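Novice: The structure follows.
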Amino acid sequence: MRRRASIIIVTLFFILLIAALSPREAHAPALAPNVNRSFYFSGASHPNASIPGSLSSSPLTGPVISDNLSRVPTFFVLPSFLLSSLTVSGLPTFTIWLSGNASSVTSVQVQGVFSWKPLNGLWSNSSTLPVPCPIGRSPAACTLNYVQPLALSLTFGTQVRVGINATTPAKMIVTMYWGEPSTPSFVLLPLSGYSSIGPVQILDWTGNAAASFNLNATKGQNTVLVQAPVTSAFGKDDVRSVNLTIVDPSGRPVPNAVNIPFSQIPPVSQPQQTYPYVAEWTYPSNLSEGNYQVWIDVVDIQGNIAYSLHGPSGFGLFKPGIHPLDLIPYIVGAAGGIIAGTFYIKRRRRKEYLAPFDHFYSLTGGRLPQGTMVTVEGTTGAGKTLLTDQLMYDDLKRGRPCVFVSTADFPGKIRSGMRSLGLETEPYESKESLKFVDSYSMEAGQPSQEKFYVSSSGDLTSLGVKISSAMSTPGDGASVYFDSLTPLAPRSKSESIVSFAQTVGAKARGSGGKIFFTIGSSVDDLILRQLEEASDCIIQMEAFEEGGLRRRRMRIIKFRNRSFHEGWVTFTVEDNKGIIFYSKKPRK
């Protein structure tokens, strides 16, 4: 028995020793994520391919510019050819603002065109299907979607251009608007590989290459320089920042060594393929010995992480004269601590604490900013409506107007359900800061009691008009809570539902509000996929059984440009309290 225990201890010792002496590899050394980049129409375009407008990466502040689409297509081009290669992989989306001179709302076929011309090559084109856009006298947004994903590799020197054309009835004039916040016509391109990082160099304080550093170095010499060449297909102005994070031997970011900014050396004024950057880190002497990794993120002008390099570049931090074998007593001591800690953690996991609904914002990394598009997915009974009810009520309490679109239940039942959670809607409805759009009652054979209603949820044009009318009543910045897209599926084509959702989303976001869609997990994959690509935030919810009890949980699987909690979180629902989370941390 003693011999077996000795063997176990020795084996554990060697495992820990190897772990202590071996550098840890990064899980994902390099990542060029797929990013939805917005390119805003700008400049004075003319209906002539030789005098196009331009595509800007920054939203424009005015004045508004317009053009007559009834004649010939209107074009916009990137100001410069591509300075490096990139990939277009996914479903581009055009959002354009249109009006017409007809006396009533008229459906007009509108089409978006994406074009590219390689260096010394010819123009190639890819178009959306013609989309019927309802056009009235006031400017309104229309979304043009691709049905089949693009998969293009564009090389150095390629020119990029987009165009919009319309097939208009006789004597009708269709006008397109852009260049101003209230009419931000733009194209959303799914891109990857438009930025990259070349070979990373680790230098000491004198500028010489170094593989390891002395923890006992004197002040001024305890410096690590990290030099990295950064490539951007759109030029240096497209790089907002390059950030350095130092990761310790256990895989954790070093305190005060997160998102250290790089600087250009020297600053570059002319367009070129690669831009040299350098960052400096002064390390304290009390850090653990071992191998440290270098993580680098390139952030583009729109705040997206365009490229991440997480290892394997790195360096060692050691104290001279101490051999790794001298650490054996500490490793053995640590083994006992790890074993004891394991039992402690296991026991602690059995205890859970209740946390109020505000705990949700710790999962999302803070409150949801205006202009956010959120998709809430889940099975029947998962709690999608409950979540949107509480998020909407939080908006109302903060003085933000809201529109609730009900396609799956009577608005009266929504109100009573909210009341049972302690969420009273009457004070907000009396001030017209909350409006309901009823798309259910008439379908269920009952007359609607709401000011805004439609006779059929399959009539997407009428539903869109009612939502726009309800949004205009509360004032600017109205958020839309749409519960749910699922009942639309049997009544409309998948492409029409996606186009409708994106148009409603563009309207809400364009006015400064948020847009929430709930959707069941059983709908067509095309709807789910395109909705997920367009969303800033995706929340998954599900009901499940555990120990013979029915429970519910949720998780965040996407939040663009934000750090968030990725794991499942279990919750329950209590009268007059609403959603209550189970947390492993006690409430402070």
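Bear in mind these aren't lab numbers, they're just calculated from the coordinates by the rules spelled out. Quantities reported herein were computed from a predicted structural model and do not represent experimental measurements. A quick note on method: Cβ atoms are made from the backbone with ideal geometry, for glycine too, and the neighbour counts reach across all protein chains shown.
Novice: Size of the dipole of segment 354-583 about the Cα centre, Lys and Arg at +1 and Asp and Glu at -1 on the beta carbon, nothing else charged, in debye to 20?
Specialist: Dipole of segment 354-583, to the nearest 20 debye: 400 debye.
Novice: In addition: Rounded to the nearest 0.05, what FRET efficiency do ILE265 and ALA543 give with R0 = 51 Å and r taken as the Cβ-Cβ distance? Could you check?
Specialist: Efficiency at R0 = 51 Å is approximately 0.40.
Novice: Can you tell me the FRET efficiency between LEU152 and ALA209 if r is taken as the Cβ-Cβ distance and R0 is 35 Å, rounded to the nearest 0.05?
Specialist: FRET efficiency, LEU152 to ALA209: 0.35.
Novice: From the list [x] 49, 36, 18; [y] 37, 28, 24; [z] 57, 32, 24, can you say which value of semi-axes √(5λ) of the Cα gyration tensor in Å was derived from the structure given?
Specialist: [x]
Novice: Can I ask one more? Angle check, please: helix 328-348 long axis (alpha carbons) against the longest principal axis of the chain (alpha carbons), in degrees 0 to 90, nearest 10.
Specialist: The two axes meet at around 40 degrees.
Novice: Now, a different point. For the peptides 189-196, 412-419, what is the packing order when you average, over each peptide's residues, the other Cβ atoms within 10 Å and list the highest mean first?
Specialist: Averaged packing, sorted descending, gives the order 189-196, 412-419.
Novice: Using a cut-off of 19 Å between alpha-carbon atoms, which lysines can reach LYS397, once sequence neighbours fewer than 8 places away in the same chain are excluded?
Specialist: Partners within reach: LYS431, LYS435, LYS514, LYS577.
Novice: Also, quick follow-up: Tell me the angle of helix 2-21 to the major Cα principal axis of the chain, expressed in degrees between 0 and 90 and rounded to the nearest ten.
Specialist: It is inclined by approximately 60 degrees.
Novice: Please flag any cysteine in the chain that has no other cysteine's Cβ under 4.7 angstrom from its own Cβ.
Specialist: Lacking a cysteine Cβ partner under 4.7 Å: CYS402, CYS537.
Novice: Please state the charge dipole magnitude for segment 35-192, taken about the Cα centre, from unit charges on C-beta atoms (+1 on K and R, -1 on D and E), reported in debye and rounded to the nearest 20.
Specialist: Its charge dipole is roughly 160 debye.
Novice: Go through VAL454, ALA355, VAL278 and say which Cα lies farthest out towards the positive end of the charge dipole of the chain; charges sit on Cβ, +1 for Lys and Arg, -1 for Asp and Glu.
Specialist: ALA355
Novice: With all pairs of different alpha carbon atoms counted, what Kirkwood hydrodynamic radius in Å does segment 512-588 show?
Specialist: 14.9
Novice: Zone of LEU119 (label point 7 Å along Cα→Cβ, backbone N under 14 Å): which residues in segment 79-108?
Specialist: Under cut-off, by backbone N: 81-86.
Novice: Step by step: find N for segment 35-192, compute 2.2 N^0.38 Å, then divide the Cα radius of gyration by it. What's the final number?
Specialist: With N residues counted in segment 35-192, Rg over 2.2 N^0.38 Å equals 1.01.
Novice: Now a separate question. Taking the chain as the reference, fit the longest principal axis to its C-alpha atoms, fit the long axis of helix 494-510 to the helix C-alpha atoms, and give the angle between the two in degrees, 0 to 90, nearest 10.
Specialist: So the inclination is approximately 80 degrees.
Novice: Still on this structure, I have one more. May I ask you to compute the full-extension gain from ASN576 to GLU424, defined as 0.36 nm times their residue separation minus their alpha-carbon distance, rounded to one decimal in nm?
Specialist: So the chain would gain 53.7 nm between ASN576 and GLU424.
Novice: Please state the charge dipole magnitude for the chain, taken about the Cα centre, from unit charges on C-beta atoms (+1 on K and R, -1 on D and E), reported in debye and rounded to the nearest 20.
Specialist: So the dipole magnitude of the chain works out to roughly 1360 debye.
Novice: Under 16 Å from a label point 7 Å along Cα→Cβ of LYS431: give me every residue in segment 499-539 with its amide N that close.
Specialist: The answer is none, because no backbone nitrogen lies closer than 16 Å to the label point.
Novice: Could you compute the FRET efficiency for ARG240 and SER80, with r as their C-beta to C-beta distance and R0 at 25 Å, rounded to 0.05?
Specialist: It comes to 0.90.
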